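Quick notes on the structure that follows.
The values are calculated or read from the model by the stated rules, or taken from the named source; none is laboratory data. The model shown is predicted, which means the values in this text are computed figures rather than measured ones. Neighbour counts run over all protein chains shown; Cβ positions are idealised from the backbone, glycine included. To get the accessible areas, we keep the full protein, side chains included, count just its heavy atoms, and leave off ligands, DNA and RNA. Shrake-Rupley method; radii C 1.70, N 1.55, O 1.52, S 1.80 Å.
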Amino acid sequence: MAGPTPKITSSCRTATPLVKSRLISHGTLNSVDLQQTRRFFEEALGLEVLQHSPVGLLVRLGSDHTYVVVETGQVSNMTLYGHNGIDVGSREEVDRAHADLEKVKDEYGIRQLKRPMDQHGAYSFYLQDRDGNWWEILHGRGRGYAFAFE
């Protein structure tokens, strides 16, 4: 089944949006088993994790943007295109991370581990964790996509 035809969009920016937004504060991720998810986030991805409820974690890295991770007992239906990006310091770090994760993918329940490649101005690879969430490990332009807004 083919997706929508790509097209250039027109800005709809307005001085009076319906919601007076200040910042994007968080996103939400599924977890099948909160302890296993926490272990992967801390040991493999190096994320800062705080448990804020019996079924929830708060996760962040390098900024105030936070993911709320909720133990649903179900695998996420996130697609690769809906992934979360984690920046590393160099192309070599991307390759090292990929090699290290390849060695422990069964231990951490990594469902899929794609090969590193150059794409959209970054060198990266994708992985799908045990919970079905997709991650992109990349070396790009320093502050993620902030450059595009400057």
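Among the residues of region 114-124, write down those that are hydrophobic (A, V, I, L, M, F, W, C) and surrounded by 15 or more Cβ atoms within 10 Å (Cβ to Cβ).
Ala122
For residues that are open to solvent by less than 50 Å² (accessible area, probe 1.4 Å) and either touching a residue at least 60 places away in the same chain (Cβ under 8 Å) or over 26 Å from the mean Cα position of the chain (by Cα) (or both), tally how many sit in region 31-51.
Going through region 31-51 one residue at a time, the tally reaches 5.
I need the full set of residues from region 62-82 which are open to solvent by 60 Å² or more (accessible area, probe 1.4 Å) and in contact with a strand residue (DSSP E or B) (Cβ under 6 Å, 6 or more places away or on another chain), in order please.
Hits for region 62-82 are Glu71, Thr72.
If you go through region 85-108 one residue at a time, how many are surrounded by 17 or more Cβ atoms within 10 Å (Cβ to Cβ) and of a type in the set (Gly, Ala, Ser)?
Here the count works out to 1.
Search region 3-30 for residues being closer than 28 Å to Ala146 by Cβ and of a type in the set (Val, Ile, Thr), and hand back the single one that is most open to solvent (accessible area, probe 1.4 Å).
Selected residue: Ile8.
Of everything in region 125-148, what is assigned to a strand (DSSP E or B), open to solvent by less than 20 Å² (accessible area, probe 1.4 Å) and out of contact with any helix residue (DSSP H, G or I) (no Cβ under 7 Å at 6 or more places or on another chain)? Give them in sequence order.
Residues satisfying the conditions are Trp135, Glu136.
What pairs come out if I take residues in region 82-109 that are within 11 Å of Leu127 (Cβ to Cβ) and pair them with residues that are among the hydroxyl-bearing types (Ser, Thr, Tyr) and open to solvent by 40 Å² or more (accessible area, probe 1.4 Å) whose C-beta lies under 8 Å away, six or more apart or interchain?
Asn84/Tyr67
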